[in-house]
Amino acid sequence: MSRILVIDDDEGLCRLIAGGLELEGFSCAFAHSGTDGINLLQTETWDLLVLDIMLPGCSGHDVLRFVRGSQNASALPVLMLTAKSDEMDRIAGLENGADDYLTKPFSLKELAARIRAILRRAELGGRRSSASSVKTLGDIALNCASLRVTLNNEIVSATPLEFQLLEILVDNAGQTVSREYLSQEVLGHGLSPFARTIDVHISRIRAKIGNYPDGSPRIKSVRGAGYIYLLEGGL
């Protein structure tokens, strides 16, 4: 049974989440402050973190930075909960390494579906750990066993989600991959009209791997279509 840690200061909402997720077969624990949540992250092992951004004292962004900077919890999947109007909070959370987000109010069925999609991706990464394939394209290499990215033999820090996005683009190098396809394959759900989740993750990948030595981009956005991993020389 997957263990879910929920950090949210709304105790009534937490009771609803507990009832809904336990009916869906998950084991849940709760913290109502960022500080208490960090304590639980340090002392116990979790399969996924559901994190509210608006927390008293130590904010959700602080907790997220702790997770991504922690040697033991850096790969922990994180699903953010945000207010409907707080687009900047959602973008900041994604930029800090959250995997996906839900805006309040949300349905418990949608929360469970998002959790399952993220856990499926994490399980896929675990199954790959027994594989030994390494995909290379020019100066970049993707180790499918360790989910490690190297560029010119230097390790590039990447979350499991970023690895999967980059893998899809590299596998389809020279071809445009739609945002809808990326969202469905990596996040497990389609795009909402104004969702920027995929765009923010791609932006993080671009910042990490940079351009080719001649200054040409590795990943290019194709307006209205998606993204393409260009071959060296822009082909």
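The values are calculated or read from the model by the stated rules, or taken from the named source; none is laboratory data. Remember, predicted model here, so these are calculated numbers, not experimental data. Don't worry about glycine lacking a Cβ; one is built from the backbone with ideal geometry, like all the others, and counts go over all protein chains shown. Note: accessible area is taken over every heavy atom of the protein model, side chains too, but ligands, DNA and RNA are not part of it. Shrake-Rupley method; radii C 1.70, N 1.55, O 1.52, S 1.80 Å.
Brief remarks follow.
- Scope the stretch 27-41; condition touching a residue at least 24 places away in the same chain (Cβ under 8 Å) and more than 11 Å from Leu5 (Cβ to Cβ); matching residues: His32, Ser33, Gly34
- Residues satisfying the stated conditions in the stretch 73-91, i.e. at pLDDT 85 or above, part of a strand (DSSP E or B) and not polar (S, T, N, Q): Val78, Leu79, Met80, Leu81
- Of the residues contained in the stretch 88-104, one or more are found to be of a type outside the set (Val, Ile, Thr) and more than 15 Å from Thr197 (Cβ to Cβ).
- Meets criteria (assigned to a helix (DSSP H, G or I) and closer than 17 Å to Arg3 by Cβ) for Leu94: no
- Just one of (1) at pLDDT 90 or above; (2) open to solvent by less than 40 Å² (accessible area, probe 1.4 Å); (3) of a type in the set (S, T, N, Q) fails for Ser70. It is (1).
- Filtered by the rule that a residue be in contact (Cβ under 8 Å) with a residue 24 or more places away in the chain, part of a helix (DSSP H, G or I) and either of a type outside the set (Gly, Ala, Ser) or more than 20 Å from Lys104 (Cα to Cα) (or both), the stretch 57-71 gives His61, Asp62, Val63, Leu64, Arg65, Phe66, Val67, Arg68.
- The condition of being at pLDDT 90 or above and open to solvent by less than 40 Å² (accessible area, probe 1.4 Å) holds for only one of Ser33, Ser107, that being Ser33.
- Test: residue in the stretch 171-190 that is in contact with a Lys or Arg (Cβ under 6 Å, 6 or more places away or on another chain) and crowded, with 16+ Cβ neighbours inside 10 Å: no
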